[in-house]
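Take a look at the structure below.
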Amino acid sequence: QVREWKNEGSKRYMCTGRPGWLTVSLRVGKYKKTHKNIMINLMDVLEVDSERQVVRVEPLVTMGQLTAHLNPMGWTIPVVPELDDLTVGGLIMGTGIESSSHIYGLFQHTCVAYELVLADGSLVRCSPTENSDLFYAVPWSCGTLGFLVAAEIKMIPAKKYIKLHYEPVRGLQKICERFAEESKKKENSFVEGLVYSLDEAVIMTGVLTDEAQPKKINRIGNYYKPWFFKHVEKYLKADRTGIEYIPSRHYYHRHTRSIFWELQDIIPFGNNPIFRYLFGWMAPPKISLLKLTQGEAIRKLYEQHHVVQDMLVPMKSLEKSIQTFHADINVYPLWLCPFILPNNPGMVHPKGDEAELYVDIGAYGEPKTKHFEARASMRQMEKFVRSVHGFQMLYADCYMTREEFWDMFDGSLYHKLREQMNCKDAFPEVYDKICKAARH
């Protein structure tokens, strides 16, 4: 298809032919209508190499599919981003994170090689030792350097359960201190925080295990179970710590049934026990279905009165960040997920020369600030995130100017490669593909 596009005279930019409503991002890309759509129907797990401890997959393999394939073989991947429908391609070209990221980094840091079809129609493999510039430039590039056709991801042995410890913490300073402390411990397989108000949170730490106390096993993924964030909140309300053993697959997809807490806005009665028992098996509705059936008016309403953002900030700025989130948007719960950011080349790396501990703050829901205005409020937040050398996830609405965008992200390697590989006529620049300012 790419060669055909070349023969036709390379008139328009190319993009993948996957319809916008199928993606998990709430944004619907308008570029699909004007660019040449390249159909990439590659959705298979290609090989599981137990010796190298690597799994080779095609870009449309989803997290649900991959864990279902690997778990019975005794394997899993180090970072399993939350929602079942997230694809390997999206997690590499965009980004992905999970509560094990304080050890392994972002999803891209668990990948050991990519295979891409470039603008000239050639197939290239890249890794840290082979075409390394391209390997480091691909993450966050949103499909603007080439088409991903396969990826190799590290595997680790799977265990049956996660022994999860719940700890309610009060007082913002104490929350941030405890969270940073637990995130630094390598003996924690998983670290996650749910912040329910400016001074109340539950910090969860988990360890992989094959043994469990039968009485303390909680299969949170069963359709009739309470939504996970509501279950966690009980520990806060009762002001007590607790330990549970959660089957691994249930843990990895713990926020899937309630789409974190988005479903409480869509089905307010969804966590009612009667509803869960009778209709819980129908939830969650696929995000793709919601997008496909949503009219323009509802989409606009959502855009103005609803926030879905992930901001990645250095751990040392966590307290200041939560205060800023509270002042600008006031959305709770907030999701806290720590990750180690290595000093690799590419669009996203720490300010210094060393790897640095960062935290992803996820805000999903209806802003409670009195004068919330989507564009102004988000620009204020973006400005703050730039000031602490943080990053905004690119699936979300982004209101930055081109200058601000390249101030947040390091474009040096990316632009060099676009020049070298003649991407300028083949793919739009990442900014033009995702930013609101570029599309209106």
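Brief remarks follow.
- In segment 229-285, counting only helices (runs of 4 or more DSSP H) that sit wholly within it, the ones holding 1 or more residues that are within 21 Å of VAL307 (Cβ to Cβ) and not hydroxyl-bearing (Ser, Thr, Tyr) span 263-266.
- Each residue in segment 123-141 was checked for being assigned to a loop (DSSP other than H, G, I, E, B) and either under 28 Å from VAL191 (Cβ atoms) or modelled with pLDDT under 95 (or both), and 4 of them qualify.
- Within the option set LEU86, LEU116, being closer than 28 Å to ALA283 by Cα and of a type in the set (A, V, I, L, M) holds for one residue only, LEU86.
- Among (1) part of a helix (DSSP H, G or I); (2) farther than 20 Å from LEU236 by Cβ - the single one PHE179 does not satisfy: (2)
Yes/no per residue for (1) in contact (Cβ under 8 Å) with a residue 60 or more places away in the chain; (2) in contact with a helix residue (DSSP H, G or I) (Cβ under 6 Å, 6 or more places away or on another chain); (3) crowded, with 19+ Cβ neighbours inside 10 Å; (4) of a type in the set (Gly, Ala, Ser):
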site: ASN41; (1), (2), (3), (4): no, no, no, no
site: VAL79; (1), (2), (3), (4): no, yes, yes, no
site: GLY96; (1), (2), (3), (4): no, yes, yes, yes
site: ARG125; (1), (2), (3), (4): no, no, no, no
site: GLU130; (1), (2), (3), (4): no, no, no, no
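- Within segment 49-67, being in contact with a Leu (Cβ under 7 Å, 6 or more places away or on another chain) and open to solvent by 40 Å² or more (accessible area, probe 1.4 Å) holds for one residue alone: ARG56.
- Of the residues making up segment 210-221, at least one is at pLDDT below 95 and open to solvent by less than 60 Å² (accessible area, probe 1.4 Å).
- Test for ASP120: is it assigned to a loop (DSSP other than H, G, I, E, B) and surrounded by fewer than 24 Cβ atoms within 10 Å (Cβ to Cβ): yes
- One residue stands out in segment 359-373 among those that are within 15 Å of ASP310 (Cα to Cα) and in contact (Cβ under 8 Å) with a residue 60 or more places away in the chain: the one that is surrounded by the most Cβ atoms within 10 Å (Cβ to Cβ), namely VAL359.
- Qualifying residues in segment 399-419 (those that are farther than 11 Å from VAL348 by Cβ and of a type in the set (Asp, Glu)) - the one farthest from the chain's Cα centre (by Cα): GLU419
- The listed residue being open to solvent by less than 40 Å² (accessible area, probe 1.4 Å) and either among the charged types (D, E, K, R) or closer than 23 Å to PHE229 by Cα (or both), out of VAL331, VAL348: VAL331
- Tallying residues that are touching a residue at least 60 places away in the same chain (Cβ under 8 Å), crowded, with 19+ Cβ neighbours inside 10 Å and either assigned to a strand (DSSP E or B) or touching a strand residue (DSSP E or B) at 6+ places or on another chain (Cβ under 7 Å) (or both) within segment 165-174 yields 2.
- LEU70 passes every criterion in (1) open to solvent by 30 Å² or more (accessible area, probe 1.4 Å); (2) farther than 28 Å from GLN1 by Cα; (3) outside any strand (DSSP E or B) apart from (1).
- Checking segment 105-117 against the condition returns a match, with at least one residue being more than 30 Å from SER248 (Cβ to Cβ) and in contact (Cβ under 8 Å) with a residue 12 or more places away in the chain.
- Total residues in segment 195-207, condition farther than 12 Å from ARG178 by Cα, open to solvent by less than 40 Å² (accessible area, probe 1.4 Å) and not small (Gly, Ala, Ser): 2
- Residue tally, condition part of a helix (DSSP H, G or I) and open to solvent by 70 Å² or more (accessible area, probe 1.4 Å), over segment 376-428: 10
- Residues being surrounded by 14 or more Cβ atoms within 10 Å (Cβ to Cβ) and farther than 18 Å from CYS337 by Cβ - total across segment 237-249: 5
- Residues of segment 142-163 classified as small (Gly, Ala, Ser) and either free of Cβ contacts under 8 Å to residues at least 40 places away in the same chain or farther than 24 Å from SER100 by Cβ (or both), total: 2
- The set of residues in segment 284-308 being hydrophobic (A, V, I, L, M, F, W, C) and either modelled with pLDDT under 75 or over 25 Å from GLU233 (Cα atoms) (or both) consists of ILE287, LEU289, LEU290, LEU292, ALA297, ILE298, LEU301.
The values are calculated or read from the model by the stated rules, or taken from the named source; none is laboratory data. None of these values were measured; they are calculated from a predicted model. Reconstructed Cβ throughout: ideal geometry from the backbone, glycine too, with neighbour counts over all protein chains shown. Protein only, heavy atoms only, side chains kept; ligands, DNA and RNA dropped before computing areas. Shrake-Rupley method; radii C 1.70, N 1.55, O 1.52, S 1.80 Å.
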